[in-house]
Amino acid sequence: MKFLTTVGLTLLLLTFESVAVKYLGLSVTRIDVTVAVVAFLSLRASTVEGAISSFVVGYLLDLMSGRPTGLYTFLAVLTFLIGRLATSLVDVRSAAVFVIFTMAADLGHGLLAIFFSWLTSRDAAFGSNLSALPLQVALTGLAALLLYPLFRKFDSGAERSEVGLLR
Amino acid sequence: MLRLLKRNRDLIVVSVLLLYPLATFLARRPAAWEPNILDRAVLALTAPVQRAFIWTFDGARSLWKGYAALRGVRAENLGLREENQRLRSDTNQLAEVRAENDRLRRLLDYAQTSPDPQLAARVLGVNPAATILSLRIDRGESDGLRRGMPVATADGVVGIVQRVTGSFADVVLITDPNSKIAVKVQRSRVRATATGKGENRALHLENALRTEDVQEGDVVVTSGTDGVFPPGLLVGRITSLQRHNYGMVQSADILPAVDMTKLEEVLVIRTRAAPAHVSNPQARRAAETAP
C-alpha cells in the first residue's frame with residue numbers, strides 16, 4: 001500500500017471506530033484496526049517503507065488516544081518488525097490466514113501494551129485489561145476479515161514469489 | 001564513517017523508528033502531551049471526519065427513531081435536556097455550596113461565593129486505545145477551554161481536560177488508571193483520594209485513615225484540595241469498604257455517580273485559574289496526601 005493511502009485509511013478507520021464505540025458505549029472493547037493495517041504492511045511493504053508507515057500508524061493511534069505517550073508508536077514498529085520476521089516462515093495469501101496472522105499480532109500487541117502500561121503506572125487495570133484481551137483479539141480478527149479485501153484493493157504491489165510454509 | 005552509515009542506512013532508520021518512541025514513552029514527560037503543530041494539523045483533519053460520521057450516525061438514528069414531524073419535538077427535547085442538565089448540575093452544586101456557606105457564615109461570617117461558569121459540550125468520540133479511558137468533546141481553545149479544566153455532568157464528575165486544540169478537546173476520565181482526585185466523604189467530611197481502576201464503573205478510595213468514619217453507602221464528593229476540581233462535585237458512592245485490624249489506612253470501592261459508558265453531553269467548568277493537570281507534581285501530591 002502506498003504511504004499516503006495507508007495514512008488516510010488509518011485515519012479514517014480510527015475516526016470511524018472512535019465514533020462507533022461512542023455510540024455503542026464506552027464499555028465495548030476496542031478493535032485494533034491499526035494492528036490489522038500493520039499486519040498487512042508486514043506482508044507487503046519493504047522493511048524501511050513498512051517501518052516508516054507503521055511508525056505513522058502508531059503515531060496516529062497515540063494521537064487519537066488523547067494522551068500520546070509514544071507507546072503505540074513503538075508497538076506498531078515492533079509489531080511490524082516481528083511480522084516481517086514471521087513472514088519468512090509463513091506465506092499469507094488467503095483472507096483466513098491473514099485473520100489468524102492479524103489475531104496473533106494483536107495478541108502480542110495487546111499483551112505488550114498491557115505490560116508496558118502496567119510497568120509505568122502499576123495500576124489496578126492489569127487484570128481487567130487482560131480479561132478483555134480475548135474479545136479484543138476476536139473482534140480484531142473479524143475486522144481483519146472485513147478489511148482484507150479493502151487492503152488488497154488499495155495494494156497495487158506485484159504478486160510475491162512462492163515462499164513460506166502456510167498458504 | 002560515511003560509508004559505514006550509508007551501508008547501514010536501513011538498520012539505522014529502523015532502529016531510530018523503534019527506539020525514539022520507546023524512549024519518549026519511558027521518559028513520560030507530561031509536556032510531550034501538549035500538541036505540536038503536526039499534532040494540531042492531524043487532529044484538525046480528523047475533527048471534520050468525526051463530525052461527518054456523527055452526522056451520518058445521527059441521521060440514520062433519526063430516521064430510525066421517528067417521522068419527520070417529530071424532528072421539531074426532538075430538537076426541542078434536546079434543548080430542554082441540555083438546559084435541564086445544566087440546572088440539575090447547578091442545584092447539586094448549590095446544595096453543597098449552601099452547606100459550606102452555612103458553616104463558614106457561622107464560623108467566620110464569610111461572604112457567599114458564586115460558582116464557576118460552565119460550558120456545555122457534546123461528546124464526539126471515544127479514544128480507540130484500550131488502555132486509556134478518554135473521550136473527545138466538541139469544544140476547544142476557541143471556546144476558552146484550557147488543559148486542566150474539570151469536566152462534569154449533572155450527575156457528577158467526569159474527568160479533566162487533557163489536551164486542547166482549536167475546536168475540540170480530549171478529556172481523560174476519572175476512571176482512567178492514571179487519574180487521582182482529592183475527595184471527601186460528604187457525611188463525615190473525611191478526606192481521601194479517589195483513583196481510577198481502569199474500568200468504566202469503578203474507582204478506588206485510598207489514603208483514608210483507618211480510624212476515620214467511613215461507611216458503605218456514603219456519598220463521596222470532591223474536596224477541592226487538589227486545586228483541580230471545585231469542592232462539592234459528586235464523585236460517587238462507597239460500595240465495599242475494606243478495613244483491617246492492622247495498617248494505617250482503610251480502602252474502599254466507589255461506584256461513580258456518572259455512567260461513563262452513556263455520556264453524550266458534558267459540562268466543562270471554566271475555572272478562573274486553570275490548574276495544571278493532575279499529573280502535575282504539586283496537584284498530584286495534593287491529591288495523594290489529601291487526608
Tell me, what is the FRET efficiency for B:A44 and B:R122 to the nearest 0.05, using R0 = 25 angstrom and their Cβ-Cβ distance as r? 0.90
To the nearest 0.05, how large is the calculated FRET efficiency for B:T239 and B:S62 if R₀ is 30 Å and r is the Cβ-Cβ distance? 0.20
Shielding by partners, peptide B:236-243 (average Cβ within 10 angstrom, other chains): 0
Inter-chain shielding metric for B:12-20, i.e. average beta-carbon neighbours from other chains within 10 angstrom, reads 6
To the nearest 0.05, how large is the calculated FRET efficiency for B:R270 and B:L4 if R₀ is 60 Å and r is the Cβ-Cβ distance? 0.60
If a/c stays under 1.5 just call it rounded; otherwise compare a/b with b/c (prolate if a/b is bigger, oblate if not). Do that for segment A:3-152, with a ≥ b ≥ c from the square roots of the Cα gyration tensor eigenvalues. rounded
Which residues' amide hydrogens lie under 5 Å from the amide hydrogen of A:D91, considering only partners 5 or more residues apart or on another chain, with H built in the peptide plane? A:L165, A:L166
Packing-ranked peptide list from B:218-224, A:71-77, A:148-154, highest mean Cβ count within 10 angstrom first, is A:71-77, B:218-224, A:148-154
Shielding score for B:164-173, defined as the mean number of other chain Cβ atoms within 10 Å: 1
Which ³J(HN,Hα) values in Hz, rounded to whole numbers, follow from the phi angles of segment B:81-95 under the Karplus curve 6.51 cos²θ - 1.76 cosθ + 1.60, where θ = phi - 60° and Gly and Pro get x? 4, 4, 5, 4, 4, 5, 5, 5, 5, 4, 4, 4, 5, 4, 4
Using alpha-carbon positions, the gyration tensor of segment A:20-69 gives root eigenvalues a ≥ b ≥ c; with a/c under 1.5 called rounded, otherwise prolate if a/b exceeds b/c, else oblate, the class is oblate
Karplus couplings for segment B:242-259 from phi (6.51 cos²θ - 1.76 cosθ + 1.60, θ = phi - 60°), rounded to Hz, Gly and Pro as x? 10, 10, 8, 7, 10, x, 9, 10, 10, 9, 7, 9, 10, 8, x, 5, 9, 7
Beta carbons within 10 angstrom, averaged per residue: use that to sort the peptides B:7-16, B:261-270, highest first. B:261-270, B:7-16
Amide H to amide H, which residues 5 or more places from B:R163 or on other chains are under 5 Å from it, using H placed in the peptide plane? B:D170
Determine ³J(HN,Hα), in whole Hz, for all residues of segment A:38-47 in sequence, where each value follows from phi through the Karplus function 6.51 cos²θ - 1.76 cosθ + 1.60 and θ = phi - 60°; x replaces Gly and Pro. 5, 4, 5, 4, 5, 7, 10, 8, 6, 4
Any residue on another chain or 5+ positions along whose placed amide H is under 5 Å from the amide H of B:S134 is listed here as B:N127, B:L173
With 0.36 nm assigned to each residue of separation and the Cα-Cα distance removed, B:A27 to B:D90 gains 18.6 nm
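Bear in mind that the values in this text are calculations on the coordinates, not laboratory data. Given the structure is predicted, the values throughout are model-derived calculations rather than measurements. A quick note on method: Cβ atoms are made from the backbone with ideal geometry, for glycine too, and the neighbour counts reach across all protein chains shown.
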